[in-house]
Amino acid sequence: MSAELFAMMKRAQEGDPEEKNKLFSFLRARIGTLAKLYIWGDDIEEVVQETMMVVTSQFPSLRTPEALIAFANKVLRNKMGNLYKRRDSRKALLVSLEELEEHPFYTVEEWGPGKLHEIVFEAIELLGNSRPVCRDLLMGLLAGETSEELCQSLSIPPHRLDDRVYKCRSALRRILRERWGLRV
């Protein structure tokens, strides 16, 4: 089989359209069979087509049937991985009605002017009870202090400032979410 496949591939690369058609029909059937083992539904044909497009574009540079099959298998694995990533990202966008009830939505109009501002300051004060450095850091940021001023007043090394800001903001977001149901 390998010698026959090698001869078919050589004639296909030399430009014989009939041999090229037979070779790619064989390869497409092989890829389709493998895809059916891991994918179900309408996505099989899409993955097979995308795989064949890449394989046909690289076909002239491949020298042996083994290299052709190995390359086709590698491309198929990548295309299947891409498909599952797309599926997961679509699932992440789905929201059930139960989740909507769990996370209330507020508008600025409901609270009146300044209410969000008050809530943020209250959350910073709550955070300051357990992490005073975070309170001082966030209040400094709100006051418009520069990075150098913050580092100097809080005795934070400049290379650690971004990490501290990230951690303090994450803690503030957690308080806003848990206490007021706000997601920011």
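The values are calculated or read from the model by the stated rules, or taken from the named source; none is laboratory data. What you see is a predicted model, and the numbers here were worked out from it, not measured in a lab. Cβ sites come from the backbone with ideal geometry, for glycine too, and all protein chains shown count toward neighbours. Heads up: the accessible areas ignore ligands, DNA and RNA and are worked out on the full protein's heavy atoms, side chains in. Shrake-Rupley method; radii C 1.70, N 1.55, O 1.52, S 1.80 Å.
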* To do: Search region 1-26 for residues being surrounded by fewer than 17 Cβ atoms within 10 Å (Cβ to Cβ) and small (Gly, Ala, Ser), and hand back the single one that is nearest to Lys85 (Cα to Cα).
  => Ser25
* Asked: Out of region 27-55, which residues are without any contact (Cβ under 8 Å) to a residue 12 or more places away in the chain, open to solvent by less than 80 Å² (accessible area, probe 1.4 Å) and in a helix (DSSP H, G or I)?
  -> Ala29
* Pick from region 114-149 the residues that are in a helix (DSSP H, G or I) and of a type in the set (Ser, Thr, Tyr): which of them is modelled with the lowest pLDDT? -> Ser147
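Tell me which residues, restricted to region 56-65, are assigned to a helix (DSSP H, G or I) and free of Cβ contacts under 8 Å to residues at least 24 places away in the same chain.
Ser57, Gln58, Ser61
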* Yes/no for Gly32 being over 22 Å from Lys79 (Cβ atoms) and at pLDDT 85 or above -> no
